[in-house]
1. Could you order peptides A:116-126, B:159-169, A:81-91 by the average number of other Cβ atoms within 10 Å of their residues, highest first?
2. In nanometres, what is the gap between the two model label sites at B:Thr158 and B:Glu40, each 7 Å from Cα along Cα-to-Cβ?
3. Past the 17 angstrom mark, what percentage of all C-alpha to C-alpha distances in the range B:23-149 do you count?
4. Please compute the average number of Cβ atoms from other chains found within 10 Å of each residue's Cβ in peptide B:98-105.
5. So which chymotrypsin sites (Phe, Trp or Tyr not before Pro) in the range B:119-174 are both in a DSSP loop and have at most 11 other Cβ atoms within 10 Å of their Cβ?
6. So which lysines can A:Lys59 reach, going by Cα to Cα under 20 Å and dropping same-chain residues fewer than 8 places off?
7. Which part of the range A:86-111 falls in the paramagnetic zone of B:Arg76, meaning amide N under 17 Å from the point 7 Å along Cα-to-beta-carbon?
8. In peptide B:90-96, what is the residue-averaged number of other protein chain Cβ atoms found within 10 Å of each Cβ?
Amino acid sequence: MASIVRLSSVCRRGVKPLFFQTTLLARPLVVPHHYQEQPHQLTAKIHASQALYAGSGSKAASMHWTAERVLSIVLLAMGPVAYYQPGPVIDYSLAAALTLHGHWGLGQVLTDYVHGEAKIKMANAGLFLLSTVTFAGLCYFNYHDVGICKAVALLWSK
Amino acid sequence: MALLLRSFVRRGVCLSRIQSVSISPLICRHAAPMGTTAKEEMNKFWAKNTRLNRPMSPHLTIYRWSVPMVMSVTFRGTGVALSVAISAFAAAALVLPGSYPYYLDLIHSLWVGPALIGLAKLGIAFPVSFHTLNGVRHLWWDIGKGFRIPEVYRTGYTVIGLSLLTSAAVAFLL
């Protein structure tokens with residue numbers, strides 16, 4: 001926290017921010033007087049104002065983040081299961097987990113690169129469509145064709 | 001980063017206030033003048049820069065490439081590629097009339113020699129292997145471990161080495 005305060009106080013004076021802690025400390029900064037006399041209070045105040053925001057937002061984003069990690073771990077566990085116990089249960093589970101993992105992953109990519117209200121909406125709609133088709137196709141494959149595990153096995157036997 | 005931006009904006013607002021009202025920045029920060037979220041501020045950044053038609057600063061073209069950077073790009077690249085491949089497979093399953101074994105035999109009859117088959121298997125195995133192993137590295141970071149630079153490089157090289165090994169093993173031995 002304190003390092004962020006220092007960075008911003010340097011930035012404020014139009015100096016390029018330095019990311020090396022030692023260099024920052026070595027420079028004879030002309031620090032405003034009140035920063036120098038109450039460095040701890042400063043940090044405390046930033047923490048305090050942060051608390052103002054902590055309650056106002058929703059936990060949706062952080063829950064989504066956690067769900068992404070949980071799903072990743074579940075998907076990891078499915079690998080050995082698919083290898084040692086192939087069958088319809090793991091086939092449909094893989095279909096669901098792979099689709100959702102891909103959907104959320106591509107969602108993050110879109111969030112990173114697509115900007116502008118309308119474009120974001122369109123991109124997410126397109127992604128939703130893609131994921132729906134993907135899940136439908138995988139389930140269809142599991143039902144009417146050999147299934148994911150068997151498909152991989154056949155592919156590798158060649 | 002968002003935190004830095006927020007403290008920036010807050011201070012920015014305070015600074016403009018100072019000119020007219022001359023409140024000390026310390027008190028102004030207390031008052032939390034704007035109730036914007038990081039997301040709103042990010043959107044404002046993009047809206048303003050698109051409106052002013054500003055070009056994006058060079059980044060990938062000028063920044064010195066490093067192992068962690070390449071690995072991160074590859075991680076994202078393999079993720080997108082695998083996702084698209086799975087979606088393409090699923091779409092094909094819905095659209096194409098024949099069954100999977102039929103198409104597999106069809107493709108197999110076109111294939112010339114074991115080397116090409118091995119290469120194709122490697123082409124599938126390496127993205128899966130790299131993405132999985134680097135994914136584990138990401139989860140390791142998510143529990144807060146391994147952020148020191150030497151550790152980043154060590155885990156990075158481990159991932160690269162292991163994914164080359166496992167994909168070669170899976171492609172040529174299985």
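1. On the way: A:116-126: 12.5, B:159-169: 16.3, A:81-91: 14.3.
So the order, starting with the most tightly packed, is B:159-169, A:81-91, A:116-126.
2. 4.4
3. Numbers: 6309 of 8001 pairs.
Beyond 17 Å sits 79 percent of the P(r) for the range B:23-149.
4. Working: counts 1, 4, 9, 5, 1, 1, 6, 2.
That works out to 4 on average.
5. Working: sites: B:Phe130, B:Trp140, B:Trp141, B:Phe147, B:Tyr153, B:Tyr157, B:Phe172; in loops: B:Phe147.
Sites meeting the loop and neighbour criteria: B:Phe147.
6. B:Lys39
7. A:102-111
8. Per residue, the number of nearby Cβ atoms from other chains is 6 on average.
Every number here is computed from the coordinates shown, using simple stated rules; none is lab data. On a predicted model such as this, the values are computed, not experimentally measured, just so you know. Every residue, glycine among them, receives a Cβ derived from its backbone with ideal geometry; neighbour counts consider all protein chains shown.
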